[in-house]
Amino acid sequence: MKTMAEDSPELVSSTHAVLSNDDLLLDILLRLPVVSFHVFKHVCKRWLTIITNPNFTLPHSSFGLILPRQTLEYDFVQLDTINSSIPPSTFTIHFDSSKLVILQSCNGLLLCRSSHDKLYVYNPSLQRFKRIPHCGFMGSVRMAFDPSKSSHYKIVCAGVIHTNEGSHPFIEIHVYSSKTCEWSVCNGRFTLQCFRGVNNGMYWNDAIHWLDTSNKALHFKFCLEHKVIKSIQTPGTLDDGEMVCDQKLFESHGCLLLLRIGCGKMIIYEMSKGDSGWSIKHNVKLDWLMKQFPGRRFCSIHVRCIMIGKKDVDSFLVMEICGKIVRYNIVLDTLCKLCDLKSGHSPACFQFIASVAGV
């Protein structure tokens, strides 16, 4: 067999031209099996840069919602199609003798917990998983992962510590790094009041964010770099004293969003990159929408996710109404059904997009 050095200069030049063309190389990579990308990342730095680019999209991959059932099965609802004839695909997750519960989805990785309180990080796109070592105590766990900044992820575990000195219990925070494969303990003691609602926390802009479930005027964030907790005031009421039916944080395409649902309207706020405050991004009137479901109250709307498009006209909400998952275009004021929900679904929901990230 000839080596590259023995080939003709013309062949060597042509090969170099092909391999030095990023667009052509990307087109070749996208024709290969998904499971091979984890290996291809180690071929050279250039291939690693291409595959780990946040704009890199897996072939034939879809993004969507993972909806848990009470039976520990999960339905995956595609969001990149409006064909309601495509039923949700159902799956379970098995790594050990028990089924696993998804705790969080973060940029293509799933944080899971078994019935034996074992933690796993799982990439469904590559069918790879890793068991996370026990940190020494149980608590609320959240994952932080941004492939545009690092190929490594972190896991935050916040647990209650009771002392024998008669003092009040406090929160201790441990952070696991996939880079070191070790847990570290954060200095300082944190009050219990700050962590009401942390189980619903999400990762954005190098911090874990959550709303205080007892006082939703407060939004907390745990900064991963400085290991400190800050509180941020949420906006005032929808109108003069108008009741808020529901309030929730979302993340979409690099934006942290706060959704408030009142009687007849929804307001979507966006957090500034510097965490300096909230501003209104969309003001959605629900009169037309609720006419499509006569007899239903505004508070019966359950928003599962918000997708912010590159253009405002591409932005939409995914909602559960009357046992149906529907997609509502915010600007065009159009509605389409994605699928019918089967009975036995839990109110939780995980937004997911395919990823080539290692675990």
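The alpha-carbon of Lys230 sits under 21 angstrom from the alpha-carbons of these lysines, leaving out residues fewer than 8 places away in its chain: Lys154, Lys216, Lys221, Lys248, Lys273.
Ranked by the mean number of other Cβ atoms within 10 Å of their residues, highest first, the peptides 321-328, 106-113, 126-133, 301-308 fall in the order 106-113, 301-308, 321-328, 126-133. Using 0.36 nm per residue and subtracting the Cα-Cα separation, the extra length available between Lys291 and Arg128 on full extension is 54.1 nm.
Read-outs: derived from the displayed coordinates by stated rules, not from any lab. All values reported here derive from a predicted model rather than from experimental measurement. With ideal geometry, Cβ positions are generated from the backbone for all residues, glycine too; neighbour counts draw on all protein chains shown.
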